[in-house]
Every structure is written in C-alpha cells, then in structure tokens.
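Below is one structure, written out as structure tokens, with a few remarks after it.
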Amino acid sequence: MPSSFRTVTVLGAGVLGAQIAFQTANHGFPVTVYDVDDAALTIARGRFDAIVGQYTREVGDPEGAARRAVDGIRFVSDIAEAVRDTDLVIEAVPENLELKRSVYASIASAAPETTVFATNSSTLLPSAIADATGRPDRFLALHFANHIWAQNTAEVMGTPRTDPEVVERVVAFAEEIGMVPIRLKKEQPGYVLNSLLVPFLNAAADLLVRDVADPETIDATWRIATGAPLGPFQIYDVIGLRTPYAIASASAAAGDTRAGAFAEYLKREYLDQGKLGRESGEGFYRYR
Ligand code: NAD
C-alpha cells in the first residue's frame, strides 16, 4: 500500500529536522520546512548546505540531485502557512513536552482534517502529546536516527488511539524515503533501539568505572564473541561523549552513584582534555 502522502512539512529545522527534510526531498517529495523566525531559517539553510556536502562526500551526487532537492525546499516562518496544504507533518522541535504540545495546538486547526501528524521525539511517549493534536487517531511517533541516510531506521510507534491504517501509511512513507521501517506493537520509552542500546552502554560504563577491564578489552570481548563490528566504547565515540556525560550527570543528580562515577570519569579523562569522541578526532580511541 502506498502512503498516498503528496506533500510533507517538517517543523523545526535543527539537527534532525534538517536531515529528515533532506531525506524526504531527496526522495522526490515536495517539502516545506518551518522554523520560528527568519534568523532560524538562515541557520537552517547553512545546515542544509552542510548536509549536501556531507552526503556528497559519503554517498556521491554526480547528477547534483541532492543539491536540487534542497534548492526545492520551501522555507516558511508562519506555522499556519507551513501546514495549510500538507498531507504529513513531521515535528522535530526541541525535546520539551510543553513546547511540543503548544506547537501541536497551534497547527491542530490550521492543517487539513486529513493531515497526519508524526513526532520525532526521542524520549516522550506520543500518548503524552496526542490530545493536543486534535486528531489522536492520525497522530503517532516516527523516530529517525542521526545520520539519516546511513543509519536509516525509522521506528513507527502509534498510541492505542492511532488508526491502524495511519500506521500502515507511515510505514509505507518510511520505505518511500529510503528508510527501513521498524514497527512497534505498543508504546515503549526509548523505542526498540534505545531500549537495547542504553542498558548495553550503561553495563559497559559500569565495567569500566569499577575497573573490571579497560575499554579496549571490553570492546574486543563484545566484537570477538558476538561478531558485532563495534564495541560499546567505539559506539560512545560515534555518539560523541557530551551526550553520555549529560545523561550520566542527570542520573547522578537523581541519586545513581555509578552513573556519577562515570560522569566524573568522562569529564576528567576526556571532556576536560577536548576529547569529545570521533567528531573531535579522539575519544576512547584516536581517529585520523
Ligand atoms: P535541535 O535543537 O537541533 O533543533 C530544534 C529546532 O527546532 C531548531 O531549529 C529550533 O529553532 C526549532 N524550534 C524551536 N522552537 C520551535 C517551535 N516552537 N516551533 C518550531 N521549531 C522550533 O534539536 P534536534 O536534535 O534536531 O531534536 C529535535 C527533535 O528530534 C527532538 O524531539 C529530539 O528528541 C529528536 N531527535 C533528535 C536526534 C538527534 O540525534 N539529535 C535523534 C532522534 C530524534
């Protein structure tokens, strides 16, 4: 079954919103991008240029199709105008429940009745947002990963109130834009990916801060014994060490002493030395 979406609007042109808009436009959909004001849209244009550069280096773009796709994106700072004539809204505004609810409240009556709304939220459950959308049967989560054209999972997670046909259309849309759809049968904080990854990374951090083994040994154990290409500390380097530091610090503030030990270790051994992971050339490992 095709999605039958003809036009797509992305709300919020930050790190993920820009990647989602790029991936969608690069698969032939007319895309409108909304951000709060002209200054934010100017920053967003720079972000799209960077994405085309990175995509061209990694994938190649001999015919210039990626550049043309971005040039065809419509940039709008009036939210009602952005959703007026669109079939699918993908929301990627900052991860804050009240902010997201207020954004949905402002588009609930501006978008056509039939428009489907999807949130890219990483940590909020869609059922916490659904009533603000004015259309809980046409609302669900569609969660992309950073580096969208390469790490191309799209987790599709409805609420108990989402119409099953809407779930099917969004699964079809994910395929139409080159993603591998991951269908969740019920709501789950962290979806499938982070439900697996976060405990795995925490277990590795625990082995490290209790001085059971060093990162190289822990990674080698995982790679050799399971055939996985990367061990947990290699994955930390890909994520970038600021995010695990922020998460560990928050857990420490909530009373988790092991997370506190990991946060201190990351700060002392890595962040304070400018070692931020792969992006900075060094984290647990050195990169050329
Ligand atoms: P970001 O801070 O890079 O971008 C947010 C964008 O939203 C900015 O351009 C900002 O100007 C805009 N914005 C702020 N207020 C707005 C409003 N009221 N209406 C519309 N736009 C507004 O954030 P991000 O990392 O792109 O994250 C966005 C969402 O995507 C979050 O829900 C996050 O959980 C999710 N997500 C992020 C990642 C990631 O790796 N960064 C991965 C998966 C999902």
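The values are calculated or read from the model by the stated rules, or taken from the named source; none is laboratory data. The structure presented is a predicted model; accordingly, all values stated were derived computationally and were not measured. No Cβ is skipped: glycine too gets one built from the backbone with ideal geometry, and neighbour counts run over all protein chains shown.
Return yes when Ala118 is of a type outside the set (Lys, Arg) and closer than 21 Å to Ile51 by Cβ and no when it is not.
Working: of a type outside the set (Lys, Arg): yes; closer than 21 Å to Ile51 by Cβ: yes.
The answer is yes for Ala118.
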So which residues in the range 181-199 are surrounded by 15 or more Cβ atoms within 10 Å (Cβ to Cβ), over 15 Å from the mean Cα position of the chain (by Cα) and not in a loop (DSSP other than H, G, I, E, B)?
Arg183
Going through the range 221-243 one residue at a time, which ones are within 11 Å of Gly283 (Cβ to Cβ) and either in contact with a helix residue (DSSP H, G or I) (Cβ under 6 Å, 6 or more places away or on another chain) or at pLDDT 95 or above (or both)?
Phe233, Gln234, Ile235, Tyr236, Asp237, Val238, Gly240, Leu241
Under 8 Å between Cβ atoms, which residue pairs at least 6 apart in sequence (or on different chains) link something in the range 94-113 that is among the small types (Gly, Ala, Ser) with a partner that is exposed (fewer than 14 other Cβ atoms within 10 Å of the Cβ)?
Ser106/Ala80; Ala110/Ala80
Report yes if some residue within the range 62-78 is away from the ligand (no atom under 13 Å from the Cβ), part of a strand (DSSP E or B), closer than 21 Å to Phe173 by Cβ and within 22 Å of the chain's Cα centre (by Cα); otherwise report no.
yes
Going by the structure shown, is Ala105 more than 10 Å from the ligand (Cβ to nearest atom), modelled with pLDDT of 95 or more, under 22 Å from the mean Cα position of the chain (by Cα) and not in a loop (DSSP other than H, G, I, E, B)?
no
For the range 12-36, which positions are assigned to a loop (DSSP other than H, G, I, E, B) and either more than 18 Å from Ala66 (Cβ to Cβ) or within 11 Å of the ligand (Cβ to nearest atom) (or both)?
Gly12, Ala13, Gly14, Asp35, Val36
Taking the range 85-95, which residues are crowded, with 19+ Cβ neighbours inside 10 Å and in a loop (DSSP other than H, G, I, E, B)?
Thr86, Asp87, Ala92, Val93
Name the pairs: first residue in the range 5-28 and on the phi > 0 side of the Ramachandran plot, second residue within 8 Å of the ligand (Cβ to nearest atom) and at pLDDT 95 or above, Cβ to Cβ under 6 Å, at least 6 apart or on different chains?
Gly12/Ala92; Gly12/Val93
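Out of the range 220-241, which residues are touching a residue at least 24 places away in the same chain (Cβ under 8 Å) and not aromatic (Phe, Trp, Tyr)?
First, the residues of the range 220-241 that are touching a residue at least 24 places away in the same chain (Cβ under 8 Å): 231-241.
Listed by number, the residues that qualify are Gly231, Pro232, Gln234, Ile235, Asp237, Val238, Ile239, Gly240, Leu241.
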Options Ala82, Ala50, Ala39; residue that is part of a helix (DSSP H, G or I), surrounded by 13 or more Cβ atoms within 10 Å (Cβ to Cβ) and either at pLDDT 95 or above or within 16 Å of the ligand (Cβ to nearest atom) (or both)
Ala82
In the range 108-122, what count of residues is obtained for those that are within 13 Å of the ligand (Cβ to nearest atom) and under 19 Å from Arg161 (Cα atoms)?
4
Which numbered condition Trp149 misses (of (1) within 13 Å of the ligand (Cβ to nearest atom); (2) under 13 Å from the mean Cα position of the chain (by Cα)):
(1)
State all residues of the range 1-11 that are in contact with a strand residue (DSSP E or B) (Cβ under 8 Å, 6 or more places away or on another chain) and more than 13 Å from the ligand (Cβ to nearest atom); if no residue qualifies, say none.
Ser3, Phe5, Thr7, Val8
